[in-house]
């Protein structure tokens, strides 16, 4: 284990204080009627999150979503029955999951997108016989 220098300690302390100076969660609950996880911040702002759009909450039951805990500093929202955690500063930036998970969601949304250019390309591909079949491997 390496020792922390005085400068590293001061920098880490400053980062921690900066995190605690911003909005933090003061309460959280699941609103089944609206199908939203509601996180109330110390600033008075409430975030309403649709569980299907949040990594770790997709497919969760109402009972699993009702079981919510906040960490001691209000920076994290924990769902113990799902072993899922949300980081409040990231939620404020619109980050609803890990980088990999968010990239997969964006890719899926792009694949579902409909545009005149995409429709034209699809029709042209269809006139050429459609999507090429996969290669046949000997022995299959």
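The values are calculated or read from the model by the stated rules, or taken from the named source; none is laboratory data. Predicted model only: the values in this text are computed from it and were never measured. Glycine gets a Cβ as well: all are built from the backbone with ideal geometry, and neighbour counts include every protein chain shown.
Among the residues of segment 43-70, just one is assigned to a loop (DSSP other than H, G, I, E, B), more than 18 Å from the chain's Cα centre (by Cα) and surrounded by 13 or more Cβ atoms within 10 Å (Cβ to Cβ), namely 67. Listed by first and then second residue, the pairs linking a residue in segment 21-34 that is free of Cβ contacts under 8 Å to residues at least 60 places away in the same chain and at negative phi to a residue that is part of a strand (DSSP E or B) and exposed (fewer than 13 other Cβ atoms within 10 Å of the Cβ), with Cβ atoms under 8 Å apart and 6 or more places separating them unless they lie on different chains, are 31/48; 34/48. Given the structure, is residue 82 surrounded by 11 or more Cβ atoms within 10 Å (Cβ to Cβ), within 17 Å of the chain's Cα centre (by Cα) and at pLDDT below 95? In short, no.
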